[in-house]
1. Are any of the residues in the range 164-187 within 11 Å of Cys85 (Cβ to Cβ), in a helix (DSSP H, G or I) and at pLDDT below 85?
2. If you check every pair at least six apart or on different chains, which have Cβ atoms under 8 Å apart with a residue in the range 32-52 that is over 13 Å from Met207 (Cα atoms) and in contact (Cβ under 8 Å) with a residue 60 or more places away in the chain first and a residue that is polar (S, T, N, Q) and not in a loop (DSSP other than H, G, I, E, B) second?
3. Where the second residue is modelled with pLDDT of 90 or more and crowded, with 24+ Cβ neighbours inside 10 Å and the first is of a type in the set (S, T, N, Q) and lies in the range 73-92, which pairs have Cβ atoms under 6 Å and are six or more apart or on separate chains?
4. Which of (1) in a helix (DSSP H, G or I); (2) under 24 Å from the mean Cα position of the chain (by Cα) is the odd one out, the single condition Trp205 does not satisfy?
Amino acid sequence: MQASERRSAGLGLALVSALAFGGSGVAAKPLIEAGLDPLEVVWLRVAGAALVLSPVAWRHRALLTRRPALLAGFALLAVAGVQACYFGAISRIPVGVAMLVEYLGPALLLGWVRFVQRRPVSRAAVIGVVLAAAGLACVVEVWSGLAFDTLGLLLGLGSACCQVGYFVLADHGGEDADGGADPLGVVAFGLLGGAALLTVLARPWAMDWSVLAGSARMNGADVPAVVLLCWVVLVATVAAYVTGVLSVRRLSPQVAGVVACLEAVVATVLAWVLLGEHLSAAQSAGGAMVVLGAFVAQTATPRKAPAQPVARGKGPVTGEVAAGRELSGDAGRA
């Protein structure tokens, strides 16, 4: 596939992934309000998706011995961590706010690179971080002593940290002398591992399964709970993860992350239309700043480091090349 065609396909996949992920909270929140615990909804989502993709996992079972660390990290951060924190957040704060807090991920990644790894970042990246932080202050209305539940905001920040891991691990899987780990296999095993972890936490054997036989309220309308669950499993999980990982492989974590910023917009608009969750003018402006800051942070080009040999694999990589990889996920991502 030519470079232009590969990029076009990657952008299309990233857009589909953003739209699919953006609808997860809107479909899940009515299930939580109907009586299910957030962890139970997360378990249903992940376990259902793992069941759908189990044939794919069997086909790529060699990954268990070839890339066990990648699969474990994807299951812990990109599946269980992101979903548990996000669903816990939306049970306490509006969907749009939780999604906007999650999109501090690019800023957190840059903070890790600059202060923990002590590597240089560009001025544009710093501007993106400042914009995102200022926008978050407007979203949570710090001048009124935080307008939302503190635990809900902390869970949103937790999902932001884990979201960083999603993009880095999705990209890191391709770095393999044998051709890399198949993205569909990584997603399938990530969901299986995430389901196993969440089973211990959610204890589905104690869940009130009768909720799924009834209906859930969505902005005054009754919707069959099983329809919402099918949407969460098939569209917001299976389709979202598969297209998201495939897009990162065809683009880069930065570019895919830029397109993924649309997820926050989609989630906020859908929550407004379908759940009746409105944001104030200040919160809307803050949300725009968060998305803009994430965009700037993701598109920022790292500064070049001094050209020094860096040990990597079978041959040296100059400091200049290493600097170019800092924000692409090759240097590691939470």
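The values are calculated or read from the model by the stated rules, or taken from the named source; none is laboratory data. Worth saying up front: this structure is predicted, and the values here are computed from it rather than measured. Note that we place each Cβ from the backbone using ideal geometry, even for glycine, and neighbour counts take in every protein chain shown.
1. No, the range 164-187 has no match at all.
2. What qualifies is Arg45/Ser24; Arg45/Gln83; Arg45/Thr237; Val46/Gln83; Val46/Thr237; Ala47/Thr199; Gly48/Thr237; Ala49/Thr237.
3. Gln83/Val42
4. (2)
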